[in-house]
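Heads up, the thing below is written out as structure tokens.
The values are calculated or read from the model by the stated rules, or taken from the named source; none is laboratory data. Bear in mind the structure is a predicted one, so any value in this text is a computation, not a measurement. Here the Cβ positions follow ideal geometry from the backbone for every residue, glycine too, while neighbour counts run over all protein chains shown. SASA here: full protein model, heavy atoms, side chains in, ligands and nucleic acids out. Shrake-Rupley method; radii C 1.70, N 1.55, O 1.52, S 1.80 Å.
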Amino acid sequence: MRQHLQFMDHILCLLISSSLEPLLRPLLRIVDRAPIGRNFGDVLEPLRPQYRVGEVAEVTFVGANPKNSAENQTHETFLTVEKYEDPTAAWHVMYNDASWETRFYWHKGLLGQSNATIEWHIPETAHPGIYRIRYFGHHRKQELLKPAVILSFEGTSSAFEVVTT
């Protein structure tokens, strides 16, 4: 009899959980959180001021789950490597996340906190000059008893110089 009651308890739990699962699924998704005193896109580990061709420029930002960006197509890339052009006084995209020279790593942390590390393997064909790396993402925010919203953010590294020798 006791085993029968335990079996019925398990069946009841399964029925309740399976019928409530579609309602609970949005509540179970973890929201993204920036560390206290930081914002999404802030630089955590900055670049050096200068790199040589053949080296790897690496920067780490306060990040968010990349899946959020798949759900919201505000940006079409996670990253860009941009070069400053003096004649136009503007930044021009040279590489993005589809380029062989770039790498994007998402590091999942605890309690919704995470980091994004971007690497640029500076190719022999890179022209000397001033560059920067930009990160584009989306974070999931949810306030108590309100539906979750996906918000875009971006981060920009400090400018750095690429030299040939």
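Annotations for the structure displayed:
Here is a yes/no grid of residues against (1) over 15 Å from the mean Cα position of the chain (by Cα); (2) modelled with pLDDT of 95 or more; (3) of a type outside the set (D, E, K, R):
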position: Val62; (1), (2), (3): no, yes, yes
position: Met94; (1), (2), (3): yes, yes, yes
position: Thr102; (1), (2), (3): no, yes, yes
position: Ala126; (1), (2), (3): yes, yes, yes
position: Gly137; (1), (2), (3): no, no, yes
position: Lys141; (1), (2), (3): no, no, no
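- Residue match in the stretch 152-159 (condition: over 21 Å from Pro35 (Cβ atoms), open to solvent by 60 Å² or more (accessible area, probe 1.4 Å) and not in a loop (DSSP other than H, G, I, E, B)): no
- Per-region count, the stretch 100-116, residues touching a His at 6+ places or on another chain (Cβ under 9 Å) and either exposed (fewer than 14 other Cβ atoms within 10 Å of the Cβ) or under 27 Å from Ala90 (Cβ atoms) (or both): 5
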